[in-house]
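Colleague: Starting off with a structure, shown below.
The values are calculated or read from the model by the stated rules, or taken from the named source; none is laboratory data. From a predicted model like this one, the values you see are computed outputs, not experimental measurements. Every residue, glycine as well, gets a Cβ built from its backbone with ideal geometry; the counts of neighbours run over all protein chains shown.
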Amino acid sequence: MLKQFFIICSGADTALLKECSEGEQNKYAGIGATVFFTALMACIAASYALYTVFDNYYTAIGFGLIWGLLIFNLDRYIVSTIKKRNNVLDELLQATPRILLAVIIAIVISKPLELKIFQKEIDQVLLEQKNELTLANKSQIAEQYTPQIAQLRSEILAINDTVASKQGEVDALYDTYISEAEGTAGTKLLGKGPVYQEKRDKHDAALAELNQLKQSSQDKITAIEAEIVNLQGLQKESEANTQPIIDNFDGLMARVNALSQLPWLPSFFIFLLFLAIETSPIFAKLLSPRGQYDFLLEDQESTIRTWTEQKLSQRQLLLTADNSLNNKVYEDIADQEEVYAYKHKKAKELMQLQADAFFKNQKSIL
């Protein structure tokens, strides 16, 4: 049962193959097994590749089965259309397009399996890329908010500088009226005289202005700090919203690009393995000598071809003979006077009718 299934997979004519020896049947069963298992590997590879895209088992398996059937059909067609000839050059020319197609199929099959085999190494490359993308993303977002935050902080510094300047002015007035009271400066008179009171009043007025300035400045600073906190929150929110995009940067294209950054030699050997598997049925048929099945197939094709050519030739001879007979019959009729007179009479009547019609047409126009 299994042998018969693999023979069907090989694309061979099962009716002809039943007439062949056991060894010939085993050869085509082996070719069919290669075709089947290649399609199975293609199904697994496509399912994994599509799972990285859709992240859904059922979708990946469904499309993987379709892809496996497609590869199975292509391989079966490639193997079944290669026929053994007496000329090696003709066989190579016949097989060249099929070998090129087999190379393309091998590349398509091997790439997803390479992604699975080197998954850990690819994950490491993707992790480094994600870290770089995260830092770059934070830097880009910071460029949007940093100038505004810096400007607000400079406003706070300017307000503090104004308060500090006013504080210095008040401290200077304080030192002035204290020195006046002590008699160490100003009038040099010890005690609280009119000059002292004047300087004291000036200090008290400046101190009141300073307190009022501190209060208004604190309100401004509080509002600015709240705005800074709001901008920082928006910055963190933007980072949080864009981070999932970076975290999901592990799709099929990203993994293929990550694979290209790994050493090429292991991937190349895996590709060669699948290339050997994919092209092995073709080269098996090319390298193997003509067997019993090939002779039977050639006999069947030559029989049909000869019979078809015979029927075409007979039809052509029949047509030639019929044309010759028709020509001879019409030549004999043309020599009879009775036929000539009848044709002459009808031609004369036709010319008269044409003349009458032309006359009536011209008369109606006038």
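Colleague: Just a yes or no: is a residue in segment 182-199 surrounded by 13 or more Cβ atoms within 10 Å (Cβ to Cβ), modelled with pLDDT under 85, polar (S, T, N, Q) and farther than 19 Å from Y145 by Cα?
Modeller: Yes, the conditions are met somewhere in segment 182-199.
Colleague: If you check P281, P263, P289, which single one turns out to be within 30 Å of A106 (Cβ to Cβ), at pLDDT below 80, out of contact with any Leu (no Cβ under 8 Å at 6 or more places or on another chain) and exposed (fewer than 10 other Cβ atoms within 10 Å of the Cβ)?
Modeller: Unique residue meeting the criteria: P289.
Colleague: When only residues in segment 86-118 that are surrounded by fewer than 16 Cβ atoms within 10 Å (Cβ to Cβ) and among the polar types (S, T, N, Q) count, which is farthest from L265 (Cα to Cα)?
Modeller: My answer is N86.
Table: residues versus (1) closer than 30 Å to R255 by Cα; (2) among the hydrophobic types (A, V, I, L, M, F, W, C).
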{"position": "I66", "(1), (2)": "yes, yes"}
{"position": "I78", "(1), (2)": "no, yes"}
{"position": "L101", "(1), (2)": "yes, yes"}
{"position": "I105", "(1), (2)": "yes, yes"}
{"position": "V108", "(1), (2)": "yes, yes"}
{"position": "E114", "(1), (2)": "yes, no"}
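Colleague: I've got another one for you. Among the residues in segment 86-97, are any of a type in the set (S, T, Y) and part of a helix (DSSP H, G or I)?
Modeller: Yes, segment 86-97 has at least one match.
Colleague: Output the residues belonging to segment 273-302 that are closer than 21 Å to D75 by Cα and among the hydroxyl-bearing types (S, T, Y).
Modeller: Selection gives T279, S280, S288, Y293.
Colleague: Take the conditions in contact with a Phe, Trp or Tyr (Cβ under 7 Å, 6 or more places away or on another chain) and under 23 Å from A46 (Cα atoms) and apply them to L259. Does it pass?
Modeller: So L259 passes the test.
Colleague: Answer yes or no as to whether A60 is within 18 Å of the chain's Cα centre (by Cα), buried (at least 20 other Cβ atoms within 10 Å of the Cβ) and within 23 Å of R255 (Cα to Cα).
Modeller: Judged against the criteria, A60 is not a match.
Colleague: From the list A226, A258, pick out the single residue that is free of Cβ contacts under 8 Å to residues at least 40 places away in the same chain and of a type in the set (G, A, S).
Modeller: Within the list A226, A258, the selection yields A226.
Colleague: May I pose another question? Among the helices (runs of 4 or more DSSP H) confined wholly to segment 250-366, which include 3 or more residues that are closer than 30 Å to L101 by Cα?
Modeller: 252-260, 264-287, 292-334
Colleague: Would it be correct to say that I82 is of a type in the set (V, I, T) and in a helix (DSSP H, G or I)?
Modeller: The answer is no for I82.
Colleague: Can you pull out every residue in segment 132-149 that is surrounded by 14 or more Cβ atoms within 10 Å (Cβ to Cβ) and farther than 21 Å from F249 by Cβ?
Modeller: Answer for segment 132-149, where residues must be surrounded by 14 or more Cβ atoms within 10 Å (Cβ to Cβ) and farther than 21 Å from F249 by Cβ: Y145, Q148, I149.
Colleague: Ok, one more. Give the residue, chosen from L93, L100, L40, that is touching a residue at least 24 places away in the same chain (Cβ under 8 Å), over 29 Å from D247 (Cα atoms) and not small (G, A, S).
Modeller: The conditions single out L40.
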